[in-house]
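Trainee: Provided herewith is a single structure, encoded as structure tokens, for subsequent inquiry.
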Amino acid sequence: MFDRTLNAICQNLELPNAEVIFYPRLFPQPESHQLLHDLLDRIEWKQEPIKIFGKSVMQPRLTAYYGTQAYTYSGVTMQPLPWNEPLLQIKQEIEPLVNTQFNGVLLNLYRNGQDYMGWHSDDERNLAKGAIIASVSFGETRRFILRRRDNHQIKVELNLGDGDFLVMGGDTQKFWQHHVPKTAKSNCPRINLTFRVIEQ
Ligand SMILES: O=C(O)CCC(=O)C(=O)O
């Protein structure tokens, strides 16, 4: 999944039926700090509804979607905004590491510890088969928990902090779900970007 340079310093979580690779601090300070502020300023953040069991509910965080290909998830189709400078900087840094060209990025802004992401798998039909999902986080550290789809008691937990890079590939989405729970401990913002390959 990774090129050799990155393999030497990253951590393969070695989960059964999954390929999850964690690379702490791919973006060190002060670059990560600058990117957090650029993304807060330059992304068109919105609170959008999604469909859950046919009902429209507001997402418990702000989101945005950029790239060249529309993306449908949770019953909502997002039309992309064009790539901008901070996004291209991040995209160009990660693409050669994972030998993948991404055509979309979903951004989540957790304004404070009350914002969260529910359990889900990134298994939408318009994601390219076999393509990885590459996640980059900036700002506040938040818990990222994976659980088996067939046995919710089997869980693996990571802290995703400022500048961290996580790659999910193989059968990860088929056998595992993930979420970012609420926390009383944090009042500060966190941005997560998931770079994706959307079928054309
Ligand atoms: O914020 C995160 O680390 C997870 C984001 C996520 O699960 C998603 O965008 O599908």
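Trainee: Going residue by residue through region 87-104, is there one that turns out to be among the β-branched types (Val, Ile, Thr) and either within 13 Å of the ligand (Cβ to nearest atom) or surrounded by fewer than 17 Cβ atoms within 10 Å (Cβ to Cβ) (or both)?
Mentor: Among the residues of region 87-104, not one is among the β-branched types (Val, Ile, Thr) and either within 13 Å of the ligand (Cβ to nearest atom) or surrounded by fewer than 17 Cβ atoms within 10 Å (Cβ to Cβ) (or both), which makes the answer no.
Trainee: Here's a follow-up. Closer than 19 Å to residue 21 by Cα, surrounded by 14 or more Cβ atoms within 10 Å (Cβ to Cβ) and within 15 Å of the ligand (Cβ to nearest atom), is that true of residue 178?
Mentor: Judged against the criteria, residue 178 is a match.
Trainee: So for region 66-88 (the condition being of a type in the set (D, E, K, R) and under 23 Å from residue 179 (Cα atoms)), does at least one residue qualify?
Mentor: No - not one qualifying residue is present in region 66-88.
Trainee: Let me ask another. Among the residues of region 110-160, what is the count of those that are surrounded by fewer than 16 Cβ atoms within 10 Å (Cβ to Cβ), within 11 Å of the ligand (Cβ to nearest atom) and of a type in the set (S, T, N, Q)?
Mentor: So the count comes out to 2.
Trainee: In the set 59, 29, which member is exposed (fewer than 15 other Cβ atoms within 10 Å of the Cβ) and either farther than 21 Å from residue 197 by Cα or modelled with pLDDT of 90 or more (or both)?
Mentor: 29
Trainee: Considering only residues that are part of a loop (DSSP other than H, G, I, E, B), of a type in the set (D, E, K, R) and under 13 Å from the mean Cα position of the chain (by Cα), which ones fall in region 179-200?
Mentor: Once the filter is applied, which keeps residues that are part of a loop (DSSP other than H, G, I, E, B), of a type in the set (D, E, K, R) and under 13 Å from the mean Cα position of the chain (by Cα), region 179-200 yields nothing.
Trainee: If you don't mind, there's one more thing I want to ask. Condition first: more than 11 Å from the ligand (Cβ to nearest atom), outside any loop (DSSP other than H, G, I, E, B) and farther than 14 Å from residue 22 by Cβ. Now tell me which residues in region 165-175 satisfy that.
Mentor: Across region 165-175, the qualifying residues are 174, 175.
The values are calculated or read from the model by the stated rules, or taken from the named source; none is laboratory data. None of the values given here were measured: they were computed from a predicted structure. Virtual Cβ from ideal backbone geometry, glycine too; neighbours counted across all protein chains shown.
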